[in-house]
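Inspection log for the structure reproduced underneath, given as structure tokens.
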């Protein structure tokens, strides 16, 4: 027996995967499809024949996808993962700015150092936000499949945030160099924090080059995940090393545990990247 609602659910699932940033358009297309089926039934067709006729009139999901895949420049802001991550990043930026400004007003930090800390914090956090989008993308691809639209939106989102991370990190390093010069008379001291900053600048530049040359979802996902591990090493590694936490002092197991958890999570996500899209999707 023909199940109209089951066919609608199957169609909606397929078209939603192909048009991940056009949920409003999917709802409108579904309304048109229902109206067409109802109209054909009223004209004497069986529901199954009406469904076949309506699908022919609407077009296949792949042909619809081709039309909608002509992405406008603002497509990134219609992708929910990008909205959530960028919104979270904006809140983090406000909190970091408020904290640093409060310390500046209390005289606990000078202006140059405050600007250095703020820009470095925002630059490094931007790399973490890319990793969050990459992790979501890996899980979504494994469970519900993937589309060319999502590949392009992921690439654009990663590109925009990486450019921000690169500019902020470079600015933070320059400000830090001027602050060090005001304290010691030299711009560069070859300490682990400075080397970490240079490493992240080089990494962000590499990410931009690879995103331009290879438009593949796996590239964006792997780069995003690896960025998280790298920024953790460059940001927190020098802090733990300077505090003696890596040299057998009290609390030395904390960074080790964090590192183990992050490496395990990274390997698990990277293993999912290697699987075909939709491989772990639930099937009845």
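The values are calculated or read from the model by the stated rules, or taken from the named source; none is laboratory data. Because the structure is predicted, anything quoted here is derived from the model rather than measured. Because the Cβ atoms are built from the backbone with ideal geometry, glycine has one as well, and the counts that use them run over all protein chains shown.
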Problem set entry | Failed item, numbered, when residue 112 is tested on (1) under 30 Å from residue 182 (Cα atoms); (2) at pLDDT below 85 | (2)
For this session: Find all pairs meeting these conditions: Cβ atoms under 6 angstrom apart; at least six residues apart or on different chains; first residue within region 254-280 and more than 30 Å from residue 148 (Cβ to Cβ); second residue outside any helix (DSSP H, G or I).
Result: 255/245
Seminar exercise, completed: Here the residues within region 187-221 that are in a loop (DSSP other than H, G, I, E, B) and farther than 18 Å from residue 157 by Cβ are 187, 188, 189, 190, 191
Exercise. So how many residues does region 130-144 have that are over 10 Å from residue 225 (Cα atoms) and buried (at least 20 other Cβ atoms within 10 Å of the Cβ)?
Worked result: 3
